[in-house]
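Structure first, commentary second.
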Amino acid sequence: MDLWELVEADWMLQDHIGDTPDSYARATARALADARALADRLPGVGLARERAELARLADLKPPVDRNGQRGLYLAARWAKRRIALANPLLSHPPRVGQASLSVSPVPLLFVKRVPTSYSHLVMQYFGWRARPGGGLYLLGEPGWSTRTRDLLRGTLSGGSVLAPCLSWDARRVVFSYSHCAEADPWFHIYEVGIDGSGLRQLTSGPYEDLMPAYLPDGGIVFSSTRRRGYARCFGAQFGDRWHVYTLHRMDADGANLRTLSFHETNEWFPSVLHDGSVLYARWDYVDRHAVLHQNLWRTNPDGTNPATVYGNQTESPHCLFEARPIPGSRKIIATASAHHSITAGSIVLVDPDVDYDGPAPIERFTPEVCFPEAEGWPQSYYATPWPLSEDYCLASYSPRPLIPEPNPNEPAALGLYLLDRWGNRELLYRDPAIGSTSPLPVAPRPVPPVLPSALPRDAGDTGAFLLLDVYQGLPGIARGSVKALRVLQILPKGTPVGDVPAIGLAGQEPGRMVLGTVAVEPDGSAHFAAPARKPLLFQAIEDRGMAIQTMRSITYLQPGERVSCVGCHERRNTAPINTSPLAARRSPFPIAPGPDGCAPFSYPRLVQPVLDRYCISCHQGDKPAGGLCLTGTVEGQWTRSYLALTGGNPFWQDGTTPDNAAKALVPRFGGWNSVHSTPIGGLYGSRGSRLMRLLLDRHQGVELDAQSIERLAIWIDANALFYGTFDPSEQARQLRGELIAAPSLQ
């Protein structure tokens, strides 16, 4: 089929021609109305001929015969298309001396690509899951011709191209490529000139290097598995291939490659905001739902100050991927995507100035497509949006249903389109044999400002945090209640299959170490040193060591970084109060280590000594009091006391609810069905624990010492873990009560 046949077939599908006897008449009237509205939105564009044509068509007497109706409909649609493609955002500005009405279409760089072999948000980006076919192409006259040029000239063939990015001057292209070969199954980063010259490979090795983007300083930011670690929620076909990709950067020639982000789960699609910082999507599920939270973050190009932009407590859409800043706007365009499918769905605009969570900042650019999985499974879908303005964008589109995990989506589903916020969609290119994605106008873009790094050289392995006021974000908590911050380090998954081996009863759980505590001043401030390059989590604790608030995310420091925050879950769009906090008047405190059994975490060393001292006199033997045996006797991979206190059943999926939390001795807030971002009213954690209430009320006249209370609070607030390592041999040692070293993968 040539372009015109493809275009007309696409119109027929869009307008549901043939569904009803009057389908041509309705579609013609709508096309004429939409065309007039489009013309009115393009002031200064010479559309006299098109306007005259619209007037002529509107004056025609509606044909009676089917062929006449079809002819009138197609004439209206062609007039509308000419108006749509006259949009100056699709053309180069006229050269000096050129007639003002002369247009020169901006060529498009795009990818031909077969979708992944497994539809899942993580596995779709493994090189060993990629299917061969396609390449990197230039479309010289988008919407007017199907003539394309293979930018790689056949030098990379038989593999899969992913996520190209143009340099600011539009002279170079950086992209990911997998050979789709057993000997080299990973994605690597390549660069080539826009004329096809100078192809070079920038990364290599047994890592997935993905989604590169040019930085204003000439470097390249990308996602990579070089951080190492495995996903917590699925099994691996190959245990020697890292699952978790986070932000990295390198120089333009591939030198000085280093990790920017020390998050322990995946990060996607870095792009550069207008202020020079890096926008990206993060999968954030520390002690909460594994599916609902893949939304937008930002960081400086040196990896300092990672912060949420939008959606870290928002349940729908499940994922915001392929996010990019909109020219001339503070808004962001993104694909509202599913967790259990490929990156595709509905296109949205996000306005972080409105709010940083909830539905208010979201505008549905393609409202006819639901948010996949969160609202159902759509019968058509969009992907790879490129913003031209708040009103217009390029994107890939499929008129076929989005297929969820595990089956692959259709190889030729996607074509390239021009869209607008009023529901108009015009086909620019389609290859009936293979999908076409990632349309990028080949035109220079303004270079955002360079954000120079303030990190000191040779800074060592620490940084510092300054918390201005912990009570900002803790409504209802009386000042003076928070006595300290507990600092925990989250550990990357060290084994390749989800929940194998388990480290506790909350499925898909992160490992952790409790590094210790730092004091909070009377005004709510805290200033403390912390290890760099480690994912850290904080808890605000009261005088007995029980958590008032738990962070459901992580942060980290670069070596020598000094970062401050307003409060504890404070509103992100508020400025800090103008004050001089007490903690800022002195040097940062070191973290005071916790009791034995904290680093690495060990139930037999942290909790069992308390039970041995205070509880087993009654809770042992064949008929323990209350039916609870609290001895350290080994039962499979756990101990009798651990099974008794936790109930012995995995508390994930539907295991974390207000009802079972109220009934349990140890209420947990982990597991993938835990949707709340913070403990609610003391319902979860040690403050909601029936066990803690019994002991604080001097159960059977027993009065625990302060450190024993703290030990139990640490255990419960750390989601009732048992082990502090994913290594089976080290777990066996911990089960025997032995002290082990911290896991090597941190």
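Bear in mind that the values in this text are calculations on the coordinates, not laboratory data. Keep in mind that what you see is a predicted model, and the values were worked out from it rather than measured. Glycine gets a Cβ as well: all are built from the backbone with ideal geometry, and neighbour counts include every protein chain shown.
For the reader, a short list of remarks on this structure follows.
- For region 367-384, 3J(HN,Hα) computed residue by residue from phi via the Karplus equation (6.51, -1.76, 1.60; θ = phi - 60°) reads x, 6, 10, 6, 6, x, 6, 5, 10, x, 10, x, 8, 8, 7, 10, 7, 6 Hz, glycine and proline entered as x.
- FRET efficiency for the pair ASP275 and ALA29, taken as 1/(1 + (r/R0)^6) with r the Cβ-Cβ distance and R0 = 45 Å, rounds to 0.50.
- Simple spin-label estimate for HIS340 and ASP458 gives 5.5 nm between the two label positions (7 Å along the Cα-to-Cβ direction from each Cα).
- In range of the label at ALA55: residues from region 4-36 whose backbone nitrogen is under 17 Å from the point 7 Å along Cα→Cβ: 32-33, 35-36
- Extension gain from ARG149 to ARG693, taking 0.36 nm per residue of separation minus the Cα-Cα distance: 188.7 nm
- Amide H partners (placed H, <5 Å) of LEU215, local residues excluded: ILE220, VAL221
- Percent RCO, i.e. relative contact order, over region 462-735, from Cα pairs under 8 Å lying at least 6 residues apart: 24
- Residues THR495, THR265, THR639 arranged by fewest to most Cβ contacts within 10 Å: THR495, THR639, THR265
- As a length-normalised measure over Cα pairs under 8 Å and 6 or more apart, the relative contact order of the chain settles at 10 percent.
- Charge dipole of region 311-433 about the Cα centre (unit charges at C-beta), most positive-ward option of HIS340, TYR381, PRO432: PRO432
- Integer Hz, Karplus 6.51/-1.76/1.60 couplings in order for region 257-267, x for Gly and Pro: 6, 8, 6, 9, 10, 10, 4, 9, 10, 6, 9
- Inter-probe distance in nm under a simple model that places probes 7 Å from Cα toward Cβ, at THR579 and GLN379: 5.7
- Beta bridges by DSSP in the chain, antiparallel share as percent, to the nearest 5: 95
- The sum of -39500 (n - 2.57) across all DSSP H runs of n ≥ 4, divided by the residue count of the chain, sets its helix-only mean residue ellipticity at 222 nm to -4500 deg cm²/dmol.
- Amide H partners (placed H, <5 Å) of VAL309, local residues excluded: LEU296, TRP297, ARG298
- From least to most packed, judged by other beta carbons within 10 angstrom and beginning with the fewest, ARG232, ARG41 follow the order ARG41, ARG232.
- Using θ = phi - 60° in the Karplus curve 6.51 cos²θ - 1.76 cosθ + 1.60, the 3J(HN,Hα) couplings for region 215-224 round to 9, x, 7, x, x, 10, 9, 7, 9, 7 Hz; x is entered for Gly and Pro.
- Its residue count N fixes a reference of 2.2 N^0.38 Å for the chain, and the Cα radius of gyration divided by that reference is 1.07.
- For ALA506, the residues 5 or more places off, or on other chains, whose built amide H falls under 5 Å of its own are PHE651.
- With neighbours defined as other Cβ atoms within 10 Å of a residue's Cβ, the residues GLU561, GLU368 order from fewest to most as GLU368, GLU561.
- Length gained on full extension, VAL500 to ASN407, computed as 0.36 nm times the residue gap minus the Cα-Cα distance: 31.0 nm.
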